[in-house]
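The values are calculated or read from the model by the stated rules, or taken from the named source; none is laboratory data. These figures come from a predicted structure and were not determined experimentally. Here the Cβ positions follow ideal geometry from the backbone for every residue, glycine too, while neighbour counts run over all protein chains shown.
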Amino acid sequence: MIDTAIPHKPNPTFEGLKRNKVWLASITILILLAILSPAQARFSLAFTLDALLHTAPFLILSIAIAAWAGATGADSLIARVFTGSPLLMIGLAALAGGLSPFCSCGVIPLIAALLSMGVPLSAVMAFWLASPIMDPSMFVLTTGVLGTEFAIAKTLAAIGLGVMGGLVIYLLARGGALADPLRAGIGNGGCGASNLRTPQPVVWKFWTAPERRAKFGREAVKTTLFLAKWLVLAFLLESLMLTFVPAEVIANTLGGTGIGPIALATVVGVPAYLNGYAALPLIGGMLEQGMAPGAGLAFLVAGGVTSLPAAIAVWALVRPKVFTLYIALSLSGAFLCGLLFQTWMGS
């Protein structure tokens, strides 16, 4: 018998949503709200659109920065900071990590290349700890959502955490510890190693080259979609938090000026952290409801370095003792940064 059934053609839009769980989560939230509480659905949708409109100028600038860095090849300059004396390398690596436009997919293979080629773990750790916390586009977005003061504090926290971690690793390594930090089989460096092994010249006038103009467009679209999906989810969650989380709960849990709220925010930041961009509006809403500024900074720093994707990547790359040090340095550094920021804000 001939099968005359019409073959099923999957809907490409639906299939794309199934693969992109962030967009699917946002749509699911809106659908559930529309069914269970239409008024809340209207409020959440209006809140999200208004928040996106408010941050649009900063989004456009951050997208342009990310696309420009990729199109010009400016990220290849990062390899030049890993030369010189160990202490100088730690400082430069922390500065580069806090200011560079590297994304998580580019940092991990570059770290593997640096370690496999003999760059000291102290300098690599300084860059590694600072990189997830701040970059130029993150600085712009943090300024738009939390203010310039918070953005500067977060930048200093990134650099300070990198320097602290690098110095600790340097002292431990001088005693003979931490030899051969990479797991067995890791060491080819992946695609990110090309910036170190064969650095390409930076083309500042990228628009003169068709392939670089095309790359600028691809990077702009990729960054736009990346930011949009996380910020939409974050603003939706913030709208729900404003409605269902009483202000006094936030104030009582993470408010105040003692070390307790900062310590709690440091620990809570690990499982509760969504994404560097998504966390900003969430922290903004919590600050408005009474969260201590130091606790907010501790949450962002700890969550940025120890978020699940970052932790999994580190675990897959280095030996357990290095991973343990990475987590310990992240949490202790985040707590110290939050405590210093809270002290400064209260002075």
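Tell me yes or no: at least one residue of the stretch 210-218 is of a type in the set (Asp, Glu) and either surrounded by 15 or more Cβ atoms within 10 Å (Cβ to Cβ) or at pLDDT 80 or above (or both). Yes, there is a match, as at least one residue in the stretch 210-218 is of a type in the set (Asp, Glu) and either surrounded by 15 or more Cβ atoms within 10 Å (Cβ to Cβ) or at pLDDT 80 or above (or both). Of the numbered conditions (1) over 20 Å from PRO57 (Cβ atoms); (2) at pLDDT below 90; (3) assigned to a helix (DSSP H, G or I); (4) of a type in the set (Gly, Ala, Ser), GLY166 fails exactly one; give the number of that condition. The single condition GLY166 does not satisfy is (2). Considering only the stretch 112-129, I want to know if a residue exists there that is at pLDDT 90 or above, buried (at least 24 other Cβ atoms within 10 Å of the Cβ) and touching a Leu at 6+ places or on another chain (Cβ under 6 Å). Within the stretch 112-129, none of the residues are at pLDDT 90 or above, buried (at least 24 other Cβ atoms within 10 Å of the Cβ) and touching a Leu at 6+ places or on another chain (Cβ under 6 Å). Scanning the stretch 27-65 for residues that are loosely packed, with under 14 Cβ neighbours inside 10 Å, part of a helix (DSSP H, G or I) and among the polar types (S, T, N, Q) yields a total of 1.
For the stretch 132-163, residues that are small (Gly, Ala, Ser) and either over 19 Å from the mean Cα position of the chain (by Cα) or outside any helix (DSSP H, G or I) (or both) total 1. Considering (1) out of contact with any helix residue (DSSP H, G or I) (no Cβ under 6 Å at 6 or more places or on another chain); (2) at pLDDT 75 or above; (3) of a type in the set (A, V, I, L, M, F, W, C), the lone condition that LEU24 does not fulfil carries the number (1). Looking only at residues in the stretch 135-154 that are touching a residue at least 40 places away in the same chain (Cβ under 8 Å) and touching a Lys or Arg at 6+ places or on another chain (Cβ under 9 Å), the one that is surrounded by the fewest Cβ atoms within 10 Å (Cβ to Cβ) is LEU146. GLY97 passes every criterion in (1) over 26 Å from ILE283 (Cβ atoms); (2) at pLDDT 75 or above apart from (1).
Evaluating ALA157 against the criteria (1) more than 17 Å from GLY84 (Cβ to Cβ); (2) surrounded by fewer than 21 Cβ atoms within 10 Å (Cβ to Cβ) leaves one unmet condition, (2). Counting only helices (runs of 4 or more DSSP H) that sit completely within the stretch 270-338, those holding 3 or more residues that are modelled with pLDDT of 80 or more, under 24 Å from THR243 (Cα atoms) and of a type in the set (A, V, I, L, M) correspond to 276-288, 293-306.
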